[in-house]
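Worksheet: one structure, shown below.
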Amino acid sequence: MLCLKDVLLFWTFCHVLRQAWSEDELSSPRHVHVNSSVHWSPATDSPGIKYTVQYWNSDRKKWLNVSGCVQTELTTCNEVSGLGCVMVQVLAQEGNRTSRSVQACSHADSCSPEFQLISEEGLLMVQMVKNNRLREDNAGHFEYNVQYGRDGEELKQDLYTSTSFKTINGLDVGQRYCVQVRYFCYSKPFGTPSTQHCESIYESERTRKMKIVVIGVTVTILLGVLVVGLTLFIYRYHKKVKQFLQPPLRLPDHYFEYLSGVFPQQALSITTSPCEERHDLISIVCREEDLSDSYLIPESDREHDYDSPNGLDLLDHFE
């Protein structure tokens, strides 16, 4: 409940403060328009309110009071007829309070041009929405000042045209450009510059398709040249390519150890143990008559018998 009470108190305080501020702020003049003179309607019916009329001096770039129309109680000012193309503003004043100014243009339907942008590839088309009476009243002394530049940069490029249509050429594709238009009368700025309108410059569909075709053809040709060149290179240097692709030759580690002296010198000795053959002793016992018979056999026959496979028969005979 306490919180709701605090909120209501705060809302009442803000409401009272706003009413006090609105009462303190002086109302601006109404229905300001310019033809041969400046006319306006009183801000309020309260007496004692005075009005001041000012015009914009483009050379000095400041607002100057119109002589004879400073703190006047009248609602008209006839002193602007000799100023030609001019923009004026009217302020209400009461004591130390001054209202917000209300601007109007001399011989103009608006203080700044109204236009629209049409974006195409490499260009912008500036189309004025409607013709202004300035063009009719000043004939050859009237023109539009078209300023343009890239988005985020100062509008340094100036073009002038007396028609309601202007084309800006030579713009970079993919960039965003801003345009501002202002009236010029007798080669001098008039009124206030328009609000900036920005548009991006895009490629046309035809250009985009052409780029895709060109890129595709170029890539195909490059791939063909690369494949043919690689084939010829391999055919001509296939031996070197094969040699290059072979793994490097490397000796086993124990060869390096042996050549570096690290290989352990082991005694390569073969120990042989005498192998003793055991034979049975054969004793030949011969009888004397057999021994005598053996002497009777010719020597050639004895050699033959020993050499023959049956030579053992003789031994058996002796046994």
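Taking the Kirkwood radius as the inverse of the mean 1/r across Cα pairs, report the Rg/Rh of segment 26-105.
For segment 26-105, the value is 0.95.
What's the carbon and sulfur percent of segment 26-105's accessible surface, probe 1.4 angstrom, rounded to a whole number?
42
Taking a ≥ b ≥ c as the square roots of the Cα gyration tensor eigenvalues, with a/c under 1.5 meaning rounded and otherwise prolate when a/b beats b/c, else oblate, which class fits segment 115-203?
Values: a/c = 2.43, a/b = 1.90, b/c = 1.28.
The shape class here is prolate.
Relative contact order of segment 26-105: what whole-number percent is it, with Cα pairs under 8 angstrom and at least 6 residues apart?
Values: 170 pairs, mean separation 30.7, N = 80.
It rounds to 38 percent for segment 26-105.
What whole-number value in Å² describes the accessible area per residue of segment 99-228 for a 1.4 Å probe?
Per residue, segment 99-228 has an accessible area of 60 Å².
Share of segment 108-255's accessible area from carbon and sulfur, percent, 1.4 Å?
Numbers: 5920 of 10400 Å².
C and S fraction of accessible area: 57 percent.
How big is D for segment 80-159, in µm² s⁻¹ as a whole number, if Stokes-Einstein is applied with the Kirkwood radius of its Cα pairs at 4 °C and 1.567 mPa s?
Stokes-Einstein gives a translational diffusion coefficient of 82 µm²/s.
Around residue 150, under 14 Å between beta carbons, what's the net of Lys plus Arg minus Asp minus Glu among the other residues?
Charge balance near residue 150 sits at -3.
Compute the distance in nm between two label points, each set 7 Å from the Cα along the Cα-to-Cβ direction, one at residue 158 and one at residue 205.
Label-label distance for residue 158 and residue 205, simple model: 4.1 nm.
Normalising by the residue count of segment 133-225, find the relative contact order in percent from Cα pairs under 8 Å and 6+ residues apart.
So the answer I get is 25 percent.
The values are calculated or read from the model by the stated rules, or taken from the named source; none is laboratory data. None of the values given here were measured: they were computed from a predicted structure. So basically every Cβ, Gly included, is an ideal-geometry build from the backbone, and we count neighbours across all protein chains shown. What goes into the accessible areas is simple: the full protein's heavy atoms, side chains included, and nothing from ligands, DNA or RNA. Shrake-Rupley method; radii C 1.70, N 1.55, O 1.52, S 1.80 Å.
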